[in-house]
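Here the structure comes first, spelled out in structure tokens, and everything after it is commentary.
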Amino acid sequence: MDVTYNFSAGPAAFIPGVVADICDAMTCGGAETEYGSDAYRALYTETADELRALVGIPQNYRIIFMPGGSSVQYSAVPMNLLTARRCADYVISGKLSKSACLEAKKYGDIAIAASSAGANPVFSTVPETKRADFRPDADYVHICFNNPIYGTKFHYIPDVGNLPLVADMTACLLSEPVDVSKFGVIYADGMTNIGAPGMSVVIIREDLLGNARADIPAHMNYKLLSEGEGGCPPALLLMMAKRVFEKTASVGGLEEMKRRNERKACLLYDYFDTMSYYTAPIDRKCRSMTNIVFVTGDAALDRKFVTEARECGLTNLMGDPSVGGMRASLYNSMPYEGVEALLSFMRKFSMENPKF
């Protein structure tokens, strides 16, 4: 195979054309734009405006671009949102939401409102919640909307009443339309659909600003950051994100991304549902479009699959070590042809490696 397809859960492959565009910009010195300069502030504002238009973010929400990945937000969220009550509820649907919960416990009274850790296999579904599961005096409720390690996604938006709902959308932001008004905060690592590893985006409702702890580092203070103070990502990362937003909008926006992503995911899920060689060991109603986890049922065979797939130009298919098996991440940058190539290899592998 002459073409290589990157199925990594992150960093994802770049959208075709973005790298060339950025290289052109770098030759003009754009990536060296100085922090605090008029040119940098203009780039920051233009990037935020592109994202606002693409996602349909209401005007009463601020958009913040921050250095670092989503794990920075595990601390930033409680440090910014916990009020004098200092309590928040977390829904645990996988390793990432568990990590976020453990970090938040350093700053307040953090309760697990619901968890799918007891599912069989573990975290093979997302918890079903109701309003009564959440403490009425909680400062916020936190969820991981798409779980890239286990291949699940919330098929509903939890009813949290008047509580702010905080969602880690690292693996799914820009993959489909989202009603931002249903959330108090949305954050996402730039290494997936945004195409800018080393940067994260925070979308926050304005009334949630201003509650940060007195000892919060300036580079994590949402209010300061929303006002252009405290710290900003390099111009290069903003340029990359801005170009991705522009290209996504130019091909039809998030409705088109949803159509493409569903088509790619269905190609694999339909195969799993009609054949027995591979299985996707998760609740069907919670299937992720962007991170598809599957196994043969034989760990040695899974390892052989990953090795031979890599030799055929299908890279980064190994599942997370905590889960095993395989994982195909189908972010916006993954073309339909890449999924067809994977499916062709899967069929060939199953014929050459029969299970008895």
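3J(HN,Hα) along region 279-287: 9, 9, x, 9, 4, 4, 6, 10, 5 Hz, from the Karplus curve 6.51 cos²θ - 1.76 cosθ + 1.60 with θ = phi - 60°, whole Hz, x for Gly and Pro. Taking only the Cα atoms of region 39-182, the radius of gyration and Dmax are 15.8, 53 Å. Long hydrophobic helices in the chain: the complete DSSP H runs spanning 18 Å or more by Cα along their own axis with mean Kyte-Doolittle hydropathy of at least 0.5 are 235-250.
Taking ALA249, ALA132, ALA171 as the candidate residues, the one with maximal mean-square fluctuation in a Gaussian network model of the chain, Cα springs under 10 Å, is ALA132. For region 29-82, the spread of Cα positions along the three principal axes, ordered from largest to smallest, is 39, 25, 16 Å. A Gaussian network model of the chain, with springs between Cα atoms under 10 Å, assigns the largest mean-square fluctuation among ILE216, ILE63, ILE194 to ILE216. Under a 5 Å amide H cut-off, with hydrogens placed 1.01 Å from N, SER200 pairs with MET66, GLY68, GLY190 among residues at least 5 apart or on other chains. Computed with a 1.4 Å probe over protein heavy atoms only, the accessible surface of the chain comes to 42 Å² per residue.
Here, region 210-356 yields an orientationally averaged convex hull projection of 12.9 nm² when only Cα atoms define the hull. Within the chain, DSSP assigns beta bridges of which about 55% are antiparallel (rounded to the nearest 5).
Taking a sphere under 13 Å around the Cβ of LYS285 and counting the other residues whose Cβ falls inside, with K and R at +1 and D and E at -1, yields a net charge of +1.
Largest first and in whole Å, give the semi-axes of region 257-317's equivalent ellipsoid, each being the square root of 5 times a Cα gyration tensor eigenvalue. Mind showing how you got there, number by number?
Details: eigenvalues 90, 48, 18 Å².
Largest first, region 257-317 gives 21, 15, 10 Å.
Orientation-averaged projection of the chain equals 18.0 nm² [convex hull of Cα atoms, one quarter of hull surface area]. Its residues counted as N, region 105-159 yields a C-alpha radius of gyration over 2.2 N^0.38 Å of 1.21. In nm², what is the average projected area of the convex hull enclosing the Cα atoms of region 155-278? Computing the convex hull of the Cα atoms and averaging its projections yields 10.5 nm². Less than 12 Å Cβ to Cβ from ASP109, Lys/Arg counted +1 and Asp/Glu -1: what total charge do the surrounding residues give? Here the charged neighbours net out to +2. Rg and Dmax of region 207-253, both derived from C-alpha coordinates alone, stand at 14.9, 44 Å.
With all distinct Cα pairs included, what does the Kirkwood hydrodynamic radius of region 154-214 come out to in Å, to one decimal, could you say? Hydrodynamic radius (Kirkwood, Cα only) of region 154-214 equals 12.8 Å. Here the chain has 53 percent of its accessible surface on carbon and sulfur atoms, given a 1.4 Å probe and all protein chains in place.
With one equal scatterer per alpha carbon and no solvent term, the Debye-computed log10 I(q)/I(0) for region 150-189 at 0.16, 0.19, 0.21 1/Å reads -0.41, -0.58, -0.71. Local charge for SER97 was computed over the other residues whose Cβ lies under 12 Å away, with Lys and Arg +1 and Asp and Glu -1, and equals -1.
The values are calculated or read from the model by the stated rules, or taken from the named source; none is laboratory data. Just so we're clear, the structure is a prediction, and the values are computed from it rather than from any experiment. Backbone-built Cβ (ideal geometry, glycine too); neighbour counts: all protein chains shown. These area figures cover heavy atoms from the full protein model, side chains too; ligands, DNA and RNA do not enter into them. Shrake-Rupley method; radii C 1.70, N 1.55, O 1.52, S 1.80 Å.
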